[in-house]
1. Two decimals is fine: what is log10 I(q)/I(0) at q = 0.24, 0.26, 0.32 Å⁻¹ for the stretch 397-443, from a Debye sum with one equal scatterer on every Cα and no solvent?
2. Find out how many positive minus negative residues lie around PHE168, taking Lys and Arg as positive, Asp and Glu as negative, among other residues whose Cβ is under 14 Å from that of PHE168.
3. Structure shown: which of LYS72/LYS440; LYS130/LYS434; LYS260/LYS357; LYS90/LYS440; LYS90/LYS260 lie over 32 Å apart, alpha-carbon to alpha-carbon?
4. Tell me the net charge near ASP187. Cut-off is 12 Å between Cβ atoms, ASP187 excluded, with +1 for each Lys or Arg and -1 for each Asp or Glu.
5. Give the lysines whose C-alpha is closer than 20 Å to that of LYS291, dropping any in the same chain fewer than 8 places away, or say none.
6. Computed over the Cα atoms, what is the radius of gyration of the stretch 57-160 divided by 2.2 N^0.38 Å, N being its residue count?
7. Enumerate the calculated ³J(HN,Hα) couplings along the stretch 318-335 in order (Karplus 6.51 cos²θ - 1.76 cosθ + 1.60, θ = phi - 60°), each rounded to whole Hz, writing x wherever the residue is Gly or Pro.
8. In terms of modelled amide H atoms, which long-range or inter-chain residues lie less than 5 Å from the amide H of ALA267?
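Only the coordinates and a few stated rules stand behind these numbers; no lab work does. These figures come from a predicted structure and were not determined experimentally. Cβ atoms come from the backbone with ideal geometry, glycine included; neighbour counts cover every protein chain shown.
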Amino acid sequence: MNDRMPYPPLESSITTNQQPMVVNQPEALNFQVHRRTLVDPAILELEQRRIFDVCWLYAGHESEVPNPGDFKTRVVCGRPIILCRGDDGKVRVFLNSCRHRGAIVAREAEGNTRSFFCFYHGWSYDRAGKLDGVPGVSSYPSSFRQEDYALAQPPRVDGYRGFIFINFDAQAMDLIDYLAGATEYIDLIIDQSPSGQMEIIRGVQEYDIRANWKLLVENSFDDYHLLTTHSTWLDYMRNSGVEMKRPERGHLLPAHGIGKPLGNGHAVIDNVNFRGRPVAKWIPIYGEEAKPEIERIRAELVARLGEARATRVADTNRNLVIFPNLVINDGSAVTVRSFQPDGAGGMKVRAWAMGPKDETAQARAIRLDAFLTFYGPGGFATPDDVEALEMVQMGLATWREVPWSVMTRGMEKQGEQLNTDELHLRSFWLQWDKLMQGAKPGQ
């Protein structure tokens, strides 16, 4: 039996600092995160209200529903939603819940439809969400008006460069202001396309991780673990004849890469490429036949963007975290990854490959091969990362005895931080702590 004094209730500890969750002491070069944040269901409940209910959340990409009537369904932080393109060409987001008794009206993962039909009592809605069919409507009183019962939408819906976000706070700051410095990195990704149009490539990776969602945030832009966790992949690259020497320090970035906060909890690791990516250079694992296509892509980038911008797009790679739970990795391939909490010790992950809408079939094949080789569920990176995060979650069962995780790497430096430092991780946790204390994004 545990005879310790009980911890104070979460609401009390967060708001009165009786038990701080994040300790930030720059003058003492001390930054620690309480491990309770990664195991306590009460913290997840508070996160739902103070983070997921007020932040902009990724709903999907407009390319996923290219034609009128195309739709996708998914769950975003506990709410079932529908992403649908209407007859007017507009992409809308609906809450997937009948206005009559609440049943889901779109039960398939995707498709094309003329209407959304509730199988419970037969109410139906058109592609714009309007209620257009009510069986036995004459039995309703005169106070019943069909126009009052369209499918509900999130209070705020907006997009940037094809990425669609929703917000459940009607008073939320505008998306463009929320994204802050993240737009620079989204633009670098979009610039890969000659037409300025990137698309989600059909198909999705779905998997569960038995770990708290915030651990995947950390992992997604933590280059400190590369040499140890992903040693098998590095060996594979070397054995394939890839030169693994780091590049010389150049005018774009330090040879080692940097970690950088971008505002509002967003952050990035921004690296000079030395591992090979399809828009940068040919490497042996792509095969000799891929060399002309990769050289053609590079030449197009230079002709369209100029040498400096083309070098920035092609010769650097980036792992971008958009707070709270969207990751866009632009490395060996472009990966869009969103993950939803599934209890305090679990998450559900969805990941998509992204590429230029107008790329050739050969370029697309190279891209997908790179995507699956590294980021795929059977690739070199993802299984390693899943195993690492689940081992962390298991170790966190000792949180009462070992309550703190240290996050001070690079803290003594002035100015630039390396991609293997932890400034960018600290920026996520500082935003998390601020919002959990009751602040709103942008405050």
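1. -0.91, -0.93, -1.05
2. Details: positive: ARG49, ARG50, ARG79, ARG156, LYS440; negative: GLU47, ASP53, ASP158, ASP169.
After counting each charged neighbour, the total is +1.
3. From LYS72/LYS440; LYS130/LYS434; LYS260/LYS357; LYS90/LYS440; LYS90/LYS260, over 32 Å: LYS130/LYS434; LYS90/LYS260.
4. Around ASP187, the surrounding residues sum to +1.
5. Within reach: LYS281.
6. Details: Rg = 13.7 Å, N = 104, 2.2 N^0.38 = 12.8 Å.
Rg over 2.2 N^0.38 Å, computed on Cα atoms: 1.06.
7. So the J values, rounded to whole Hz, are 8, 10, 10, 10, 9, 4, x, 9, 10, 10, 10, 9, 10, x, 5, 7, 8, 10.
8. Those lying under 5 Å, H to H, from ALA267 are LEU262, VAL321, PHE323.
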